[in-house]
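Accompanying notes for the structure given below.
The values are calculated or read from the model by the stated rules, or taken from the named source; none is laboratory data. Everything quoted here is computed from the prediction, not taken from an experiment. A quick note on method: Cβ atoms are made from the backbone with ideal geometry, for glycine too, and the neighbour counts reach across all protein chains shown. Heads up: the accessible areas ignore ligands, DNA and RNA and are worked out on the full protein's heavy atoms, side chains in. Shrake-Rupley method; radii C 1.70, N 1.55, O 1.52, S 1.80 Å.
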Amino acid sequence: MEICRTKAEIRAARAAMGTARVGLVPTMGYLHDGHLSLVRAARESCEKVIVTIFVNPTQFGPNEDLETYPRDEARDLALLEAEGVDTVFLPDPAEMYAADAETIVETTELSGVLIGAIRPGHFRGVATVVTKLFNITRPDAAFFGQKDYQQLCVIRRMVWDLDMDIDITGVPIRREEDGLAMSSRNVRLSEDQRAEAPALHQALLGGAGVLGQGGDVAAAETAIRARLEAARGSEIRSIDIRDAEDLSPVTGVPRRPVVMLLAVSFGDVFLIDNMVVPD
Ligand code: PAF
């Protein structure tokens, strides 16, 4: 497995892949089984797989967890080697961003709603770094987790609007045995918070139950809120039920698939989860 730390190195590694179908898995490291399922999906449909590990500063707000975001490079590299990844790109921030950089990429509508309203500037940072990673690695396909549902919508929109010739695949959420969606941030939960955190998945199952029995969006939101409020130490940041395709608001009894999106904080640990109904 080749390890590249500079743009020059990764560009040379990519050039050596020639006309092979290249799959890209962008990550921020501290890999878990969810990330590895992205790598496996890439492996299945691509001849070469590039994984990037970069904790992107521009997608964190001033009071967010950039400094405390978990990192373990040696462990990540061992996991990727075992998965048969061809090349890993691990730039540092100075390699990725020139001090005088002034260009950004932003989906003007999608970036400001839902998580974008809670984390202003977050999706601008994501869209900009993903564009840069696409330009640097020139993949044929790229793989993202469905846990970051809005992120996936932003990236699909960006790829469509900017005519990027890259196939985007969303890979289903991986969950712990108790239903908690896998996330690098889970490691920062205290023992008590970890015990309460499966409430997100349980709340989603409750909401899905209401909608599955013909209930309306308001009733589903009420069921979700009740379960989340019962989780000790949690702060509900947002509960939204939106059109699964374009994230537009939905009221009444849904006629098309919807996605239930949750954001919940346990102390300074920000968790998200979602579920599409009907799946
Ligand atoms: O989902 C993530 O880990 C990040 O947002 C991404 C796509 C790697 C961009 O920094």
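Residues that are among the small types (Gly, Ala, Ser), open to solvent by less than 50 Å² (accessible area, probe 1.4 Å) and either at negative phi or within 15 Å of the ligand (Cβ to nearest atom) (or both) are absent from the stretch 96-107. Report yes if some residue within the stretch 74-81 is of a type in the set (A, V, I, L, M) and within 11 Å of the ligand (Cβ to nearest atom); otherwise report no. No, that holds for no residue.
All of Val130, Val159, Val113 fail the test of being in contact with a Leu (Cβ under 8 Å, 6 or more places away or on another chain) and of a type outside the set (Phe, Trp, Tyr), apart from Val113. Entry remark, the stretch 2-29: residues being part of a loop (DSSP other than H, G, I, E, B) and either within 16 Å of the ligand (Cβ to nearest atom) or open to solvent by 70 Å² or more (accessible area, probe 1.4 Å) (or both) number 5 in total. Beta carbons closer than 6 Å, at least 6 apart along the sequence or on distinct chains, pair a first residue in the stretch 177-190 that is touching a residue at least 24 places away in the same chain (Cβ under 8 Å) with a second that is within 14 Å of the ligand (Cβ to nearest atom) and open to solvent by 20 Å² or more (accessible area, probe 1.4 Å) for Ala181/Lys147; Ala181/Ile173; Met182/His32; Met182/Arg174; Ser184/Tyr30. Restricting the first member to the stretch 125-148 and to residues that are farther than 15 Å from Ala98 by Cα and open to solvent by 20 Å² or more (accessible area, probe 1.4 Å), and the second to residues that are near the ligand (Cβ under 7 Å from one of its atoms) and not in a loop (DSSP other than H, G, I, E, B), the beta-carbon pairs closer than 9 Å and six or more apart or on different chains are Gly145/Gln151; Asp148/Val126. For His35, the conditions (1) over 16 Å from the mean Cα position of the chain (by Cα); (2) part of a helix (DSSP H, G or I); (3) not small (Gly, Ala, Ser) all hold with the exception of (1). Of the conditions (1) away from the ligand (no atom under 14 Å from the Cβ); (2) surrounded by 16 or more Cβ atoms within 10 Å (Cβ to Cβ); (3) under 21 Å from Asp167 (Cβ atoms), Val51 satisfies every one except a single condition; which number is it? All conditions are met except number (1). Listed by position, the strands (runs of 3 or more DSSP E) contained in the stretch 179-279 that have at least 1 residues being open to solvent by 30 Å² or more (accessible area, probe 1.4 Å) are 234-243, 269-277.
Scanning the stretch 54-73 for residues that are β-branched (Val, Ile, Thr) and surrounded by 14 or more Cβ atoms within 10 Å (Cβ to Cβ) yields Val55, Thr58. Among the residues of the stretch 74-87, are any open to solvent by less than 20 Å² (accessible area, probe 1.4 Å), at pLDDT 95 or above, out of contact with any Asp or Glu (no Cβ under 8 Å at 6 or more places or on another chain) and not in a loop (DSSP other than H, G, I, E, B)? Yes, the stretch 74-87 contains at least one residue that is open to solvent by less than 20 Å² (accessible area, probe 1.4 Å), at pLDDT 95 or above, out of contact with any Asp or Glu (no Cβ under 8 Å at 6 or more places or on another chain) and not in a loop (DSSP other than H, G, I, E, B).
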